[in-house]
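Encoded as structure tokens, the structure appears first; notes follow it.
The values are calculated or read from the model by the stated rules, or taken from the named source; none is laboratory data. These numbers were taken from a predicted model, which means no experiment stands behind them. With ideal geometry, Cβ positions are generated from the backbone for all residues, glycine too; neighbour counts draw on all protein chains shown. For the accessible areas, the whole protein counts, side chains as well, though only heavy atoms, and no ligand, DNA or RNA atoms are used. Shrake-Rupley method; radii C 1.70, N 1.55, O 1.52, S 1.80 Å.
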Protein chains: 2
Amino acid sequence: MADEQVPVHYEDLALLETQFDEVDREILAKQYVLSAPLYAKRQEIVSKIDNFWPLVFEQSPPDVDRYITPNDANIFTKLKSLDVKRFEIPMGPEKIDGEAGDPRSIAIRFEFEDNEYFSNTVLEKKFWYRRSNDGWSGLVSEPVKIDWKEKDPTEGLLDAAHAVFEERKKAGDMKKKGFAAHKKLLKLIESNNVDNTSFFAWFGYVSATRYVSAEESAQANKEYKERQDKRSKGERVESPEPEEEDMADMSGEDEVHPEGDELAQVIAEDVWPNAIKYFNMSEMDFEDMSDEDDDNAPIDLRALVGKGKPKTKPSNDADEPPKKKQKK
Amino acid sequence: MADEQVPVHYEDLALLETQFDEVDREILAKQYVLSAPLYAKRQEIVSKIDNFWPLVFEQSPPDVDRYITPNDANIFTKLKSLDVKRFEIPMGPEKIDGEAGDPRSIAIRFEFEDNEYFSNTVLEKKFWYRRSNDGWSGLVSEPVKIDWKEKDPTEGLLDAAHAVFEERKKAGDMKKKGFAAHKKLLKLIESNNVDNTSFFAWFGYVSATRYVSAEESAQANKEYKERQDKRSKGERVESPEPEEEDMADMSGEDEVHPEGDELAQVIAEDVWPNAIKYFNMSEMDFEDMSDEDDDNAPIDLRALVGKGKPKTKPSNDADEPPKKKQKK
């Protein structure tokens, strides 16, 4: 590729894209810091509203809803709270320090009441935004162990993903393959009907390509920054590209939830910030019984939680009359 | 509604929503100011790339693409540049002043080469984010006159919208109805097949409800702020609600492009910031000839502009290898 005649403006565009990304990251961090007290206040208010979070998930957008099986819907009726943190953004008096971490890293924390599926009361999944030494960047995570009671809605998928990750960690080789647990995982993934995969398999997500450690990412970010600095001075610099064999490692064939990073982002960037909107939609749905042409056919959590007609109506009057076609 | 028992937490939630909105506006303004120099740089670079904007629109998301008829696609091959400004955000040394205007107001400016449809070289449409005295808020605009040559792709719709707006302005009554031009507009809208409406009818957009003047909006914002201040002190305050007869005025039945505000937002918040991404998609499409299962079936602008195989390949190597499933 180095020998091909690439017009300079394509390089300029690529450099510019990374500068736009920097602004996006700065803005994301700024928004997080400004919104934090409002989210804290919201938690306080919604904790007093029965079934707030179950009703939000009932109205969640298709990109979440399609992962919620009937079993999962049952479990979500026991959802006590949701919390989303961008844990690499430093809060408090020290304020934002660009080197501190990546604002795109996300922690999603679910708190459940007693339920018949698992004994955990808290399930927290962390996603780190990392860069690999072969040029990829994105969200990686580690499988979260769930202590199933009798029924495992993921039908062994989550346990298998967890076992593979643990064995790789123990071996100090995150690309290790071919061992018994790995074969079992591949078999389960292959026999699995993706459309019926439980939401809870998402807790097993590792990476859309391959796992990247904090150390690898720190080194790759350092080199990336050096290349960017040279580029902004007009130097032409090659970027790393994955070797043939690495490409195979990056196929994500042993990933239990290949779109797990996107699901995390939808929860963090849509469900979480728009929770009040989704909750209000559920109230409206309930009042508007002519809802049958809804082709999403969401599972009726309200029926599941045994909730009757709400005693009171939401006051939609704080200068926000329902919009005809709200989007966001 | 005042007499109904509304639990306090619903009022708290509504107040909180308006506080989130404030943060969103602040962030929007901040992002605009930080990105402005990068967008200027981008304009400079892409002006050197043949057919940059036509190719961006060819790859535009469905919410834009569905408004582009074959006629429109022909016109878009002559698109020289696009520019999006948030013109109520003050730039320069005076920096942001919260009272100055609304960061959600947008100006979208198209520059065209000579073409067989109209003699204008620039079409600019401004959208003001305004609040009405009956509680609505959103984007309003004024019809833009296009000087058609022989063929009018909107088949009279745009001219009719423009005529109605001018007559109302002259009469000093933006709700005026029943005059000849208004009847003609209603008839055209009724007989119009929405799916075949030209993109250029969008230049006639006025409001999803009704036109709101700058004066009305200033007054409504002032009263809104007073109510919010009282609410944040714990007072319970009624919001204005439209009268029965105003509701009829707010139906938007004489609107040539009922989703014109959303189309403006998609252009400003997706096409504009992601233009390089859409352009790169067009390059990839061109290389990947197995593209036939694309169910969007976009009109092939590249064929229309008579562009052959690009002489050079975009360098995707500035540390951004093509992502498998890039979103947003």
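Got a number for residues in the range A:31-70 being outside any helix (DSSP H, G or I) and open to solvent by 40 Å² or more (accessible area, probe 1.4 Å)? Residues that pass the stated criteria total 5. Take the conditions (1) facing chain A (nearest Cβ under 7 Å); (2) part of a strand (DSSP E or B); B:Leu15 misses just one of them, which is (2).
Taking the listed residues B:Glu150, B:Glu155, B:Glu142, the one that is away from chain A (no Cβ under 14 Å), in contact with a strand residue (DSSP E or B) (Cβ under 9 Å, 6 or more places away or on another chain) and touching a residue at least 24 places away in the same chain (Cβ under 8 Å) is B:Glu142, with no other qualifying. Among the residues of the range A:129-161, the one identified as open to solvent by 70 Å² or more (accessible area, probe 1.4 Å) and under 26 Å from A:Leu28 (Cβ atoms) is A:Asn133.
Inspect all residues belonging to the range A:205-222 and state whether any of them is in contact with a helix residue (DSSP H, G or I) (Cβ under 7 Å, 6 or more places away or on another chain), within 24 Å of A:Trp136 (Cβ to Cβ) and small (Gly, Ala, Ser). Yes, the range A:205-222 contains at least one residue that is in contact with a helix residue (DSSP H, G or I) (Cβ under 7 Å, 6 or more places away or on another chain), within 24 Å of A:Trp136 (Cβ to Cβ) and small (Gly, Ala, Ser). Taking the range B:37-85 as the range and being among the acidic types (Asp, Glu) and touching a residue at least 60 places away in the same chain (Cβ under 8 Å) as the test, the residues that pass are B:Asp50, B:Glu58, B:Asp63, B:Asp65, B:Asp72. As for the range A:71-87, it holds no residue that is in contact with a helix residue (DSSP H, G or I) (Cβ under 9 Å, 6 or more places away or on another chain), modelled with pLDDT under 95 and part of a loop (DSSP other than H, G, I, E, B).
Taken over the range B:205-245, the criterion of being within 12 Å of another protein chain (Cβ to nearest Cβ) and part of a helix (DSSP H, G or I) is satisfied by B:Ala220, B:Asn221, B:Glu223, B:Tyr224, B:Lys225, B:Glu226, B:Arg227, B:Gln228, B:Lys230, B:Arg231, B:Ser232. Scanning the range B:18-30 for residues that are touching a helix residue (DSSP H, G or I) at 6+ places or on another chain (Cβ under 8 Å) and open to solvent by less than 50 Å² (accessible area, probe 1.4 Å) turns up B:Thr18, B:Phe20, B:Val23, B:Ile27. The single condition among (1) modelled with pLDDT of 95 or more; (2) over 19 Å from A:Leu263 (Cβ atoms); (3) not hydroxyl-bearing (Ser, Thr, Tyr) that A:Glu142 does not satisfy is (2).
Look at (1) under 27 Å from A:Tyr32 (Cβ atoms); (2) open to solvent by less than 20 Å² (accessible area, probe 1.4 Å); (3) within 14 Å of another protein chain (Cβ to nearest Cβ) and you find that A:Ile108 fails only one, number (3). Against the list (1) open to solvent by 50 Å² or more (accessible area, probe 1.4 Å); (2) among the β-branched types (Val, Ile, Thr); (3) out of contact with any Phe, Trp or Tyr (no Cβ under 7 Å at 6 or more places or on another chain), the condition A:Val164 fails is (1).
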